[in-house]
Each structure stands twice: as C-alpha cells, then as structure tokens.
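Step one of this worksheet: look at the structure below.
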Amino acid sequence: MSSNYVLTLLAKSWNQQSAQAFLADAESHGLDLKTDTAHQLDGSPIWMQRAWARSQTPLSAESLETLRKSAEGSNLDVFVESEALYRTPRKLFVFDMDSTLIQAEVIDELAALAGMKDKVSAITSAAMRGEIDFPTSLTRRVSLLNGIREEQIGSLKNQIAFGEGLESLMSGLKTAGCKTAILSGGFGFFGRYLQQCLAFDYLYANELEIANGVLTGRLSTAIMDGNRKAAALQEIATREAINLEQSVATGDGANDLPMLSLAGTGVAYRAKPVVRAAAAFRLNFCGLDGLLHLLGRN
C-alpha cells in the first residue's frame, strides 16, 4: 500500500540547482514527486518549495534521516510530513526561550555580571548536551549568581537580541489566530519582557529568589525542567481545547526533548546534536520565521 508525503524545502536564499539535486536524491529513494514552484513565504524573506510525494512503502527512519542529511548538505532545511500531518491545522506554538527565542543563554549573561560566566557557561553547555540533568545543572548555576543586585538584571533586556525571524513569526502566528507560549528553563524576568514585547499568550519559567535587593543564589519556584515543559504544553492544550497533533514545540536543548516528542510537530531549532538526532523536524539554517510554512495550508 502506497504512502503519501509532503516535502517542504526551506532556504534563506534560493539555489535551484541545489534544490533539484535534493529532489533527484529523494526520487532515488523511491519517491514519486510532483513539485510546486519555489516562492517566498508570506511575511518572510525565506524561500519555500514543496514536493508532493508518493512511496510504495512507508519511509523508514533511516530513509528520513538520509533525506534530511541530503538537504542539509546543500544548506536546505526540509520538513518531511505525512499527508495527514500536513493537512492538520496548527493552532498552538510553544517555544523554549534561551538560544531559541533569544540569541543568548540569560543565565550566562547574568553570570557575567558576577564574574562567573566561564564557570556557568561550561555547566550550561554540558546540560544542553544532556551530560548533566537539568535540575542539577540549574541549581549549580543559580548558586553562582548569589549577590547580583536586582537593578543589574534589567540591563540585560537591552543587550540580548531576539531570535532571527522571531518578530515576523509572531506577527504571522497572531494573524492566523494561533495560541503561543514560552516554556522556559530560564527566568521569568526576561520571559515577561518577551511576553510584553511580542504578546505571547502564556509564560512558564523559573523565578529567581531575591532578598534585600540581591539574588540569593536560589530559585523561588519549582524547577521548570523538561518534564514540566511537557506538562505545561499538555495543560495549555487542554485549556484551549487544542489537540496535541495541532501543536508545534520548538527548542534547542536536551531539556526540550519531552515537549518536542509530545507535540504533534517537534522542531529542533539550531539545536545540540542530541536534540537534532531525536527530533522529528529540524531547522538548522533558516530563522524562526521558517515555521510560517506550517500555516495557511490548503
């Protein structure tokens, strides 16, 4: 029995020769393709080309990985979806914050204020690679922030850049009526700033304990780890009466894996190797606005 798929190619700049080479490779894996014309996404400079594919047998995990690597070899991002998933409307988009919605790890920048950035960054990197469990790593890192003054924290808001394409993505999601959420193992003070700037509907994050105007080196809330991120995704979906198949989760670190696997569409965004290997979908080259291809489908 044949299986139907939709292949979506994405690129910052369009090279038809590279796209044709990928499509030829896909055909060599037994896919019968019918391609659309490449064009720019609405509201974004990113280019997109779709191919409607039929296979005599379902694509294996090995074949899917081969297709992804073939695309990535030409600086192309590719989403390979079953036709059923392609036809599923996406209504809920949830995101990790640090190194996803923003181009930094806030805890590393906080540590710089205390002269502890190298020590904290090393722990952060190990945690994101999955070498240290997230609660342990966060507790260690936060302890090194002891003594930072509360007024110093606000200065980071003007120093950390938004993720590439974030404003275009949020504009498109709001126009489409999608619900949005920040599910962060980072900190609420920066999450609230993002929420205010870009009108996210929900925010779940850790809160730093402050006493007498300085950080104590402890959290005032339970740790927002990977399991709590997944639980938050489920909670929001239930509250909004949105099926999980209609949800999209995007992140870069090992603590994002539970929510990526729970969502109908889990996207590893410029992610660590362990996350790229496990996620069903990847964005390695395009910005966050590449996710706009998930909207407005016929």
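The values are calculated or read from the model by the stated rules, or taken from the named source; none is laboratory data. Computed from a predicted model, the values in this text were never measured in an experiment. Neighbour counts run over all protein chains shown; Cβ positions are idealised from the backbone, glycine included.
Taking residues in the stretch 157-171 that are aromatic (Phe, Trp, Tyr), and partners anywhere that are not in a loop (DSSP other than H, G, I, E, B), the pairs with Cβ atoms closer than 7 Å and at least 6 places apart or on different chains are Phe162/Ile102. Does Ile107 count as within 23 Å of the chain's Cα centre (by Cα) and touching a residue at least 60 places away in the same chain (Cβ under 8 Å)? Yes; evaluated as a whole, the condition is true for this residue. Go through the residues of the stretch 71-87 one by one and say whether even a single one is in a helix (DSSP H, G or I) and of a type in the set (D, E, K, R). Within the stretch 71-87, one or more residues are in a helix (DSSP H, G or I) and of a type in the set (D, E, K, R). Taking the criterion of being touching a strand residue (DSSP E or B) at 6+ places or on another chain (Cβ under 6 Å) and either outside the structural domain of Asp98 (by TED's automatic domain parsing) or in contact (Cβ under 8 Å) with a residue 24 or more places away in the chain (or both), the residues of the stretch 247-267 that qualify are Ser247, Val248, Ala249, Thr250, Asp252, Asn255, Met259, Ala263, Gly264, Thr265, Val267.
The residues of the stretch 183-199 that are on the phi < 0 side of the Ramachandran plot and surrounded by fewer than 22 Cβ atoms within 10 Å (Cβ to Cβ), listed by number, are Gly188, Phe189, Arg192, Tyr193, Gln195, Gln196, Cys197, Leu198. Against the list (1) buried (at least 17 other Cβ atoms within 10 Å of the Cβ); (2) assigned to a loop (DSSP other than H, G, I, E, B), the condition Lys229 fails is (2). When Gly115 is tested against the conditions (1) surrounded by fewer than 17 Cβ atoms within 10 Å (Cβ to Cβ); (2) at negative phi; (3) modelled with pLDDT of 90 or more, the lone failure is (2). The residue list Gly290, Gly266 contains one member that is assigned to a strand (DSSP E or B), under 12 Å from the mean Cα position of the chain (by Cα) and either surrounded by 18 or more Cβ atoms within 10 Å (Cβ to Cβ) or of a type in the set (Phe, Trp, Tyr) (or both), which is Gly266. Residues that are part of a loop (DSSP other than H, G, I, E, B) and farther than 22 Å from Phe285 by Cα within the stretch 2-54 comprise Ser2, His29, Gly30, listed in sequence order. Any chance you could count how many residues in the stretch 270-289 are in contact with a helix residue (DSSP H, G or I) (Cβ under 7 Å, 6 or more places away or on another chain) and of a type outside the set (Asp, Glu)? So the count comes out to 9.
Could we say that Thr57 is part of a loop (DSSP other than H, G, I, E, B), at pLDDT 95 or above and either buried (at least 22 other Cβ atoms within 10 Å of the Cβ) or not assigned by TED's automatic domain parsing to the domain that holds Lys174 (or both) here? No; evaluated as a whole, the condition is false for this residue. Can we say Phe134 is assigned by TED's automatic domain parsing to the domain that holds Ala280 and either within 23 Å of Ala277 (Cβ to Cβ) or acidic (Asp, Glu) (or both)? Yes: the conditions hold for Phe134. Taken over the stretch 156-172, the residue count meeting the criterion of being part of a helix (DSSP H, G or I) and either acidic (Asp, Glu) or touching a helix residue (DSSP H, G or I) at 6+ places or on another chain (Cβ under 8 Å) (or both) is 8.
One residue stands out among those in the stretch 190-226 that are part of a helix (DSSP H, G or I) and out of contact with any strand residue (DSSP E or B) (no Cβ under 7 Å at 6 or more places or on another chain): the one that is nearest to Ala112 (Cα to Cα), which is Phe190. The single residue among Ser74, Ser63, Ser82, Ser44 that is in contact with an Asp or Glu (Cβ under 6 Å, 6 or more places away or on another chain), in contact (Cβ under 8 Å) with a residue 24 or more places away in the chain and not aromatic (Phe, Trp, Tyr) turns out to be Ser44.
Any residue in the stretch 14-28 that is among the aromatic types (Phe, Trp, Tyr), crowded, with 16+ Cβ neighbours inside 10 Å and out of contact with any helix residue (DSSP H, G or I) (no Cβ under 7 Å at 6 or more places or on another chain)? Yes, that holds for at least one residue. Among the residues of the stretch 200-226, those identified as aliphatic (A, V, I, L, M) and either crowded, with 16+ Cβ neighbours inside 10 Å or touching a Lys or Arg at 6+ places or on another chain (Cβ under 6 Å) (or both) are Leu203, Ala205, Leu208, Ile210, Val214, Leu215, Leu219, Ile223, Met224.
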